[in-house]
1. Where in region 235-324 are there strands (runs of 3 or more DSSP E), lying wholly inside it, with at least 2 residues that are polar (S, T, N, Q) and either closer than 23 Å to Tyr343 by Cβ or open to solvent by less than 40 Å² (accessible area, probe 1.4 Å) (or both)?
2. Can you find a residue in region 27-38 that is outside any loop (DSSP other than H, G, I, E, B), at pLDDT 95 or above and within 22 Å of Thr94 (Cα to Cα)?
3. List pairs: first in region 324-336 and free of Cβ contacts under 8 Å to residues at least 24 places away in the same chain, second open to solvent by 50 Å² or more (accessible area, probe 1.4 Å) and in a helix (DSSP H, G or I), Cβ under 7 Å, 6+ apart or cross-chain?
4. Restricting to region 200-234, what's the tally of residues that are open to solvent by less than 30 Å² (accessible area, probe 1.4 Å) and free of Cβ contacts under 8 Å to residues at least 12 places away in the same chain?
5. Only one of (1) touching a residue at least 40 places away in the same chain (Cβ under 8 Å); (2) within 30 Å of Glu248 (Cβ to Cβ); (3) open to solvent by less than 30 Å² (accessible area, probe 1.4 Å) is not met by Asn146, so which one is it?
6. Can we say Leu22 is touching a helix residue (DSSP H, G or I) at 6+ places or on another chain (Cβ under 9 Å), under 26 Å from Glu102 (Cα atoms) and at pLDDT 95 or above?
7. Out of Gly110, Gly131, Gly117, Gly100, which single residue is loosely packed, with under 15 Cβ neighbours inside 10 Å and either basic (Lys, Arg) or touching a strand residue (DSSP E or B) at 6+ places or on another chain (Cβ under 7 Å) (or both)?
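The values are calculated or read from the model by the stated rules, or taken from the named source; none is laboratory data. Please read all numbers here as calculations on a predicted model, not as lab measurements. Reconstructed Cβ throughout: ideal geometry from the backbone, glycine too, with neighbour counts over all protein chains shown. Calculation scope for accessible area: heavy atoms of the full protein, side chains included, ligands and nucleic acids excluded. Shrake-Rupley method; radii C 1.70, N 1.55, O 1.52, S 1.80 Å.
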Amino acid sequence: MSALTNTHDVLLRNRDLLQGRLALLGVTEPLVLSQCGDSGLAMSEHAGVYSALAQRSGWQACFGYDTDGLAAADYDTVVVFLPKARAELALRLTMARFLGCEGARLVLIGEKKEGIGGAVKQFNEVASDTGKVDSARHCQVWVGTNSQPLSVFDIREWISWSQLECAGVEIAVAGLPGVFSEGELDAGTRMLLETLAESPLKAERVLDFACGAGVMGSWLQGFANRHGRSPVTVDGVDVQAQAVLCAEATYAKAGLHGQIYAADGLSTLEGRWQAVVTNPPFHSGVKTDTSMTEQFLRDVAGHLMPGGELRLVANSFLPYEGDIQRHIGPVERLAQDRRFTVYRAFRRASAGLRP
């Protein structure tokens, strides 16, 4: 059985399509590069995958859609893997048109259950002479010609702004296609912020894990300003390139000084914080996947000061309470409804200590 995902496996079934200089957009399995030639460009918006791609000799790794340092019309074949969020496909196709030379071969690959049928309509709008060339492993492969090449592509021009409000605090938040809850305040984060208004953190340095567009950091500073509290520094970490870019833009607009890290979890972060807040992801594509949060809960005590607080919101059906108790300390439910629960725990003295 192949160790690759279906889309990457299907790409290798169609290696004859990979002519000339090659760019792969949306790579999720770095192992595929060794079977696609000795060189090219490989893009992933996932920080962990990007780090692995950067170790591949001969290949240029790109973290997300930042094309600084990349040349237009530099590739003869550009492969676009269908992103998890359909709104992100327009970004990927635009980057493909920028990277591909005029007449370059554009290849779109995606799984049926993730919407390749609908994605083909977008593909037809930007490529000519399109046609399906393969259907295997629940995937489809479409090919077209880069007849509308672009000389300029700047991801920052795609940033949109939304005004969000919670508990009397209004903030401006940057958005990009593919970022969690773009343009709105999701119900789980709202519940968490409401608990922060009712039971404020006793911390001046906070880490926002899976920070997204920087909503919680901006709100915490706005709350401190509104209520005459001491300034708070909120650092953020996220695995997605668009989220990191949006969080940096959100912080810059609000004049915040927290650091935004691009990282897959906490293993590469150094330092400790007086509090950690999070609305962690629990999906991998269309499937429920709690592994990232479970790893976070195993690691977070090592990044909390003794007595430091963890404040976490999650869907009520997810089994996090036992892990919080085991790895951090006694757990309290600050708020709960049919959908979400906000948990609070303080790091006990022995938590996070290595044997």
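1. Numbers: elements: 260-262, 273-278, 304-315.
Strands (runs of 3 or more DSSP E) meeting the threshold: 273-278.
2. No; the residues of region 27-38 include none that is outside any loop (DSSP other than H, G, I, E, B), at pLDDT 95 or above and within 22 Å of Thr94 (Cα to Cα).
3. From region 324-336, the pairs are Val331/Glu321; Val331/Gln325.
4. Applying the first criterion (open to solvent by less than 30 Å² (accessible area, probe 1.4 Å)) to region 200-234 yields 201, 203, 206-224, 232, 234.
Then drop every residue that is not free of Cβ contacts under 8 Å to residues at least 12 places away in the same chain, which leaves 224.
Of the residues in region 200-234, 1 are open to solvent by less than 30 Å² (accessible area, probe 1.4 Å) and free of Cβ contacts under 8 Å to residues at least 12 places away in the same chain.
5. Only one criterion is unmet by Asn146, namely (2).
6. On the way: touching a helix residue (DSSP H, G or I) at 6+ places or on another chain (Cβ under 9 Å): no; under 26 Å from Glu102 (Cα atoms): yes; at pLDDT 95 or above: yes.
Against the criterion (touching a helix residue (DSSP H, G or I) at 6+ places or on another chain (Cβ under 9 Å), under 26 Å from Glu102 (Cα atoms) and at pLDDT 95 or above), Leu22 does not qualify.
7. On the way: Gly110 fails: loosely packed, with under 15 Cβ neighbours inside 10 Å; Gly117 fails: either basic (Lys, Arg) or touching a strand residue (DSSP E or B) at 6+ places or on another chain (Cβ under 7 Å) (or both); Gly100 fails: loosely packed, with under 15 Cβ neighbours inside 10 Å.
That would be Gly131, the only listed residue that is loosely packed, with under 15 Cβ neighbours inside 10 Å and either basic (Lys, Arg) or touching a strand residue (DSSP E or B) at 6+ places or on another chain (Cβ under 7 Å) (or both).
Here is a yes/no grid of residues against (1) out of contact with any Lys or Arg (no Cβ under 9 Å at 6 or more places or on another chain); (2) assigned to a helix (DSSP H, G or I); (3) within 24 Å of Gly131 (Cβ to Cβ):
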site	(1), (2), (3)
Leu4	yes, no, no
Thr7	no, yes, yes
Tyr50	yes, yes, no
Asp68	yes, no, no
